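Step one of this worksheet: look at the structure below.
The values are calculated or read from the model by the stated rules, or taken from the named source; none is laboratory data. Since this is a predicted model, take the numbers as computed values, not measurements. Don't worry about glycine lacking a Cβ; one is built from the backbone with ideal geometry, like all the others, and counts go over all protein chains shown. Ligands, DNA and RNA are excluded from the accessible area calculation, which covers all protein heavy atoms including side chains. Shrake-Rupley method; radii C 1.70, N 1.55, O 1.52, S 1.80 Å.
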Amino acid sequence: MTTIDIPEGSLFGLDNLPYGVFSTPGTQPRVGVRVGDSVVDLAVALGDDVFARPSLNAFMAQGYDRWVEVRARVSDLVRGEVPADAVFPVSEVELHLPVEVADYVDFYASEHHASNLGRLFRPDAEPLMPNWKHLPVGYHGRSGTVVVSGTDIVRPCGQRKAPDEAAPTFGECRRLDIEAELGFIVGVPSPLGSPVSTEDFPRHVFGAVLVNDWSARDIQAWEYVPLGPFLGKSFATSISPWVVPLLALEAARVPTPEQSPEPLPYLRESSPWGLDIALSVSWNGQEVSRPPYREMYWSPAQMLAHMTVNGASSRTGDLYASGTISGPEKNQRGAFIELTWGGKEPIELNGEPRTFLLDGDEVVISATAPGTEGRIGFGEVRGRILPATEAKR
Ligand code: MN
């Protein structure tokens, strides 16, 4: 048996206990919990085969009461002695995609982001479209290209046509961007024909991850009318390897900004709550933005209620992301298209004026939130841009 040392000020203390999927050389991926700088193998520590699987899905599907029970058991266990063969230094494990992603939806829930993009794309019109304050706008993304942090991102190719060009051309994306977001993972499914109410949100959603919704702005700008994002988004979406349970985020709950006009009844909550999560975006090692999740207009419960109000089912492993997180200040914008105002106002990065991503660039998004004892961490979602591969024209 062994004991787990949690360094003073660790973002992975007993009030966090996020779940992930890990492996060590020569072994199969399985479920672990991060404690301090260690990973605890839950199949060994708890003697339960549901954790011997290469994703969290089977455990998440067991439901809310089980999530509470396992969290309490893990908390008790790691305060005492743990079987020595269940504990690994986090630096010695490989982290995998934590969930088998079922469907993937991306919302657009930041009023600051939606307003900024409105001003950029439609300078002579109202920044927000007429529907924006009545429903959480979203689109269906591509679950099969959700990848774990650390996966290289190959610059996509596609059709693009700048406003001053007569015809589209095919080639490498010239305006490759990021979107700093928070993603919610559904644990308990809902059957076809059964909308999930805002009150039922905590019994369906298991936890949250960081998301980088890589975006090819030139491909997106040409293709998105009238049906929305497609190939400008679907080449890759990165998520962080640790799923922070909603149970660890109770101290981070904050009211959403005031919602006016009042939403329709199915979107109402007695008191809509968001999360006080502070994100940080680093570009080649330099912090360029600090997006505040607490500024998001629509709550996570409202997004799930909207996603299912038409009777659409939800499945274990569904991922729905918040949309780009931007605050009111310039240094709180969660995408480079906003930070550089459409590429017209470069930012200084390590002494160079920069707008969009170049090959070899690396972006790291991290986040922390209040826990019950100190701050808790989400870890990070990291990705490096590789040059476009020669594609068939
Ligand atoms: Mn997005």
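I need to check one value: relative contact order of the stretch 19-96, counting alpha carbon pairs closer than 8 Å and at least 6 residues apart, in percent.
41
Nearest 10 degrees is fine. How inclined is helix 111-121 to the longest principal axis of the chain, computing both from alpha carbons?
So the helix axis and the longest Cα principal axis differ by about 30 degrees.
Kindly provide the Kirkwood hydrodynamic radius of the stretch 324-374 in Å, to one decimal, from all pairs of distinct alpha carbon atoms.
12.9
By how many degrees, between 0 and 90 and to the nearest 10, does the Cα long axis of helix 64-79 differ from the longest principal axis of the chain?
60
Kirkwood Rh and Cα-based Rg: tell me the resulting Rg over Rh for the stretch 165-291, rounded to two decimals.
Over the Cα atoms of the stretch 165-291, Rg/Rh equals 1.03.
Lys and Arg at +1, Asp and Glu at -1: add these up for the other residues within a Cβ distance under 14 Å of Leu95 and post the number.
-2
Taking only Cα atoms and a 10 Å spring cutoff, compute GNM fluctuations for the chain and point out the largest among Val99, Val225, Val211.
Highest fluctuation among the options: Val225.
Over the chain, calculate the relative contact order: mean separation of alpha carbon pairs under 8 Å at least 6 apart, over the residue count, as a percent.
21
Provide the net charge surrounding Pro257, with neighbours chosen by a C-beta distance below 13 Å and charges set as Lys +1, Arg +1, Asp -1, Glu -1. Please list the in-between numbers first.
Numbers: positive: Lys133, Arg294; negative: Glu111, Glu258, Asp276, Glu295.
Spelling it out: positives minus negatives among the neighbours equals -2.
Can you give me the accessible area per residue for the stretch 302-393, using a 1.4 Å probe, in Å²?
That works out to 42 Å² for each residue.
Grab the chain and count how many Lys pairs have their alpha-carbon atoms under 29 Å apart, sequence gap of 8 or more, or different chains.
So the count works out to 11.
What size of dipole, in debye to the nearest 20, comes out for the stretch 1-148 about its Cα centre when the only charges are +1 on Lys and Arg C-beta atoms and -1 on Asp and Glu C-beta atoms?
500
Please express the shape of the chain as an equivalent ellipsoid: the semi-axes are the square roots of 5 times the eigenvalues of the C-alpha gyration tensor, given largest first in whole angstrom.
Values: eigenvalues 236, 123, 77 Å².
Value: 34, 25, 20 Å, ordered largest first.
Could you please report the charge total around Val44, scoring K, R as +1 and D, E as -1 over all other residues with beta-carbon less than 10 angstrom from its beta-carbon?
Around Val44, the charge tally is -2.
Which whole-number percent gives the relative contact order of the stretch 64-201, counting Cα pairs below 8 Å spaced six or more residues apart?
16 percent.
Using a Gaussian network model on the chain with a 10 Å cutoff between Cα atoms, which of Ala335, Ala72, Ala102 fluctuates the most?
Of Ala335, Ala72, Ala102, the Gaussian network model singles out Ala72 as fluctuating most.
Can you find, among Ser270, Leu95, Val50, the residue farthest towards the positive end of the dipole of the chain? Put +1 on the C-beta of Lys and Arg, -1 on that of Asp and Glu.
Ser270
Which GluC sites (Glu not before Pro) in the stretch 37-143 pass both tests, a DSSP loop state and at most 12 other beta-carbon atoms within 10 Å?
Within the stretch 37-143, the qualifying GluC sites (Glu not before Pro) (loop, at most 12 other Cβ atoms within 10 Å) are Glu81.
Just need log10 I(q)/I(0) for the stretch 19-96 at q = 0.12, 0.24, 0.26, 0.27 Å⁻¹, Debye formula, equal scatterers on the alpha-carbon atoms, no solvent, rounded to two decimals.
-0.29, -1.20, -1.38, -1.46
Using a Gaussian network model on the chain with a 10 Å cutoff between Cα atoms, which of Val243, Val21, Val254 fluctuates the most?
Val254
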